[in-house]
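Comments concern the structure below.
The values are calculated or read from the model by the stated rules, or taken from the named source; none is laboratory data. Nothing here was measured: the structure is a model prediction, and the numbers come from that model. Cβ: placed from backbone, ideal geometry, glycine included. Neighbour counts: every protein chain shown. Ligands, DNA and RNA are excluded from the accessible area calculation, which covers all protein heavy atoms including side chains. Shrake-Rupley method; radii C 1.70, N 1.55, O 1.52, S 1.80 Å.
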Amino acid sequence: MDKVMKLAVQRAVVIFSMSSCCMCHTVIRLFHELGVNPSVYELDEDPKGREMERALVKLLGRSPPVPAVFIGGKLIGSTDKIMSLHLSGDLIPMLRNAGALWV
């Protein structure tokens, strides 16, 4: 859990992902389209990926735990939460407040 939390606060937007996960790709693509350059950690490509995956399962309370999105060091959630925030217009202000967008 410590590794996940340390990584989560290093950038304004951090996404824990799996390289073969289509929903992860969708969320990452959304952030890129919005002009955000998130840090992306592919759990299946990281030597400590299994350990981080278990920590994310505990944090999110679900499996699989990806994509797991942190904004401003705070766990926001997965695809459903990000899309809900985006459609309601709340995602952009959240990204601005975290310093991920300057416009």
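Tell me, yes or no, whether the stretch 49-56 has at least one residue that is farther than 18 Å from ALA8 by Cα, over 12 Å from the mean Cα position of the chain (by Cα) and open to solvent by 50 Å² or more (accessible area, probe 1.4 Å).
No.
May I ask you to list pairs of residues, at least six apart or on different chains, whose Cβ atoms are under 6 Å apart, with the first in the stretch 50-67 being free of Cβ contacts under 8 Å to residues at least 24 places away in the same chain and the second being polar (S, T, N, Q)?
That search, which allows pairs on different chains as well, returns VAL57/SER63.
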